[in-house]
1. Can you give the log10 of the normalised intensity I(q)/I(0) at q = 0.17, 0.20 Å⁻¹, computed with Debye over equal Cα scatterers of the range 206-317?
2. Of the heavy-atom accessible surface of the chain (probe 1.4 angstrom), what whole percent is carbon and sulfur?
3. How far is it, in nm, from the label point at Trp352 to the one at Gln177 when both lie 7 Å from their Cα along the line to the Cβ?
4. My understanding is that a pair violates if its Cα-Cα distance is over 22 Å; which of Lys211/Lys270; Lys111/Lys295; Lys270/Lys358 do that in this structure?
5. Tell me the Rg and the Dmax, in Å, that the Cα atoms of the range 54-204 produce.
6. Ignoring GluC sites (Glu not before Pro) that are buried or in helix or strand per DSSP, and keeping those with at most 16 other beta carbon atoms within 10 Å, what is the longest stretch of the chain between them?
7. So how much slack lies between Ala9 and Lys276, counting 0.36 nm per residue of separation and subtracting their Cα-Cα distance, in nm?
8. Of the trypsin sites (Lys or Arg not before Pro) in the range 219-296, which ones lie in a loop per DSSP and count no more than 14 other C-beta atoms within 10 Å?
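The values are calculated or read from the model by the stated rules, or taken from the named source; none is laboratory data. Keep in mind it's a predicted model, so treat the numbers as computed, not measured. Note that we place each Cβ from the backbone using ideal geometry, even for glycine, and neighbour counts take in every protein chain shown. Just so you know, the surface numbers come from the protein's heavy atoms only, side chains and all, with ligands and any DNA or RNA stripped out. Shrake-Rupley method; radii C 1.70, N 1.55, O 1.52, S 1.80 Å.
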Amino acid sequence: MDSWPIAIAGLFLILVAYFSLDVMGFLSWGNKFPVDGLTVLLTGASQGMGIEVAKLLAQRGANVILVARNLGKLQSAMEETKAAAKDPATQRFHVISADVTIESENARLLKEATSWNDGVVPQVVWANAGSSTPGLFLDCKIETLRSQMDMNYWAATYLAHHTMKAWLYPETPYKPQKKGSIPEPPRHLVFTSSILAFANVTGYSAYSPAKAAMRSLCDGLRMEINLYNGARRGTNNKNGHQPAPFDVVIQSVFPATVLSPGHANEQLTKPAVTKKIEESDVDQSPHDAALGAIKGLEAGNYSTATSFLGDLMRLSAMGGAPRDNIVKDTMGQWLTSWIWLFLGPDWERTVWNWGKTKGMEEYRPNSI
Ligand SMILES: *[C@@H]1O[C@H](CO)[C@@H](O)[C@H](O)[C@H]1NC(C)=O
Ligand SMILES: *[C@@H]1O[C@H](CO)[C@@H](O)[C@H](O)[C@H]1NC(C)=O
């Protein structure tokens, strides 16, 4: 008898079983992002997704240091965070007002956070600050193109640089670990990117490139950190540097449209044609975006899109990024490349027809 049909049916059944187990959450064992008793440093913490992340981490037992510019908003965000704490008697909370687009501010806030945390560099550092100023490219001031890069790329880069230095080459060098000592929890560096790091849409030519650069940085660091994690297991520390007694894990999360105060601001300058393209988007509440992000981190995923549509974008733009699930991510990458056959031309046609029926927009140079 020909065994082909049986082999194909068997393969099909295995795939179905695999997907079902994955959807039911049976394929990731244990929490890979335990924060109970650890300290989290979170930027962009005063509103939107940031404050929801702070609350969810407090619920999970973390001490949280909230960073943003506006001290008043920070203080009320801290009160909300405190109210969500798992154990208000032992958990601690702190605020630092800082402009993270300034390099030296990142050094200062990390120092302040460390001394507040009894000399221990926070174990989780989450570069969450960011904001988008949408607009047609020709309406944007060059200054806006630059400040979008400062806010959405450089701020995270400065923080990553200072944090990794503090973790891996501390001022007081690490001592060799005694055999059998309790392993330290891994350190987590998390970036909040955006699904606009995967796709480019009219109206986001100031924001998208910055988030794409951030994604590229994260992919690069993810590879580079292997050097330090490897050195920790190695035997050759002849050049005098004692490796840190913990692993460093680098991850990103990619929210889509989040109904935050930042989003309300965006709507003010967003071109009408951009709104048209976004019509079919499913908006997320800040809480849902934050919860999706944390669930992804808890599953140990390297990249987490917080919505279904965002996940399709992530799959279609994976490139060489680590697969969080070999079957889903490999097949998903292939399948979503078919979706772009329709979606790409559809977006292009929308913009073309906009120009054709409504003519050129009024020229408003330097208005954004
Ligand atoms: C849009 O941006 C992403 C990320 O930078 C890139 O990989 C992609 O090829 C770009 N173009 C299109 C048409 O998606
Ligand atoms: C982690 O990633 C895998 C692969 O893409 C996905 O199937 C799974 O749902 C993700 N888990 C969470 C909690 O986001």
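1. The computed values of log10 I(q)/I(0) come out as -0.94, -1.16.
2. Values: 11700 of 19420 Å².
It is 60 percent, rounded to a whole number.
3. Going from the Trp352 label point to the Gln177 one covers 5.9 nm.
4. Working: Lys211/Lys270 18 Å; Lys111/Lys295 29 Å; Lys270/Lys358 17 Å.
Beyond 22 Å between Cα atoms: Lys111/Lys295.
5. Rg then Dmax for the range 54-204, in Å: 18.0, 62.
6. Numbers: sites that count: Glu171, Glu361, Glu362.
Here the longest run is 172-360.
7. Details: separation 267, 0.36 × 267 = 96.12 nm, distance 4.36 nm.
Gain on extension, Ala9 to Lys276, equals 91.8 nm.
8. Numbers: sites: Arg222, Arg232, Arg233, Lys238, Lys275, Lys276, Lys295; in loops: Lys238.
Listed in order of number, the matching sites are Lys238.
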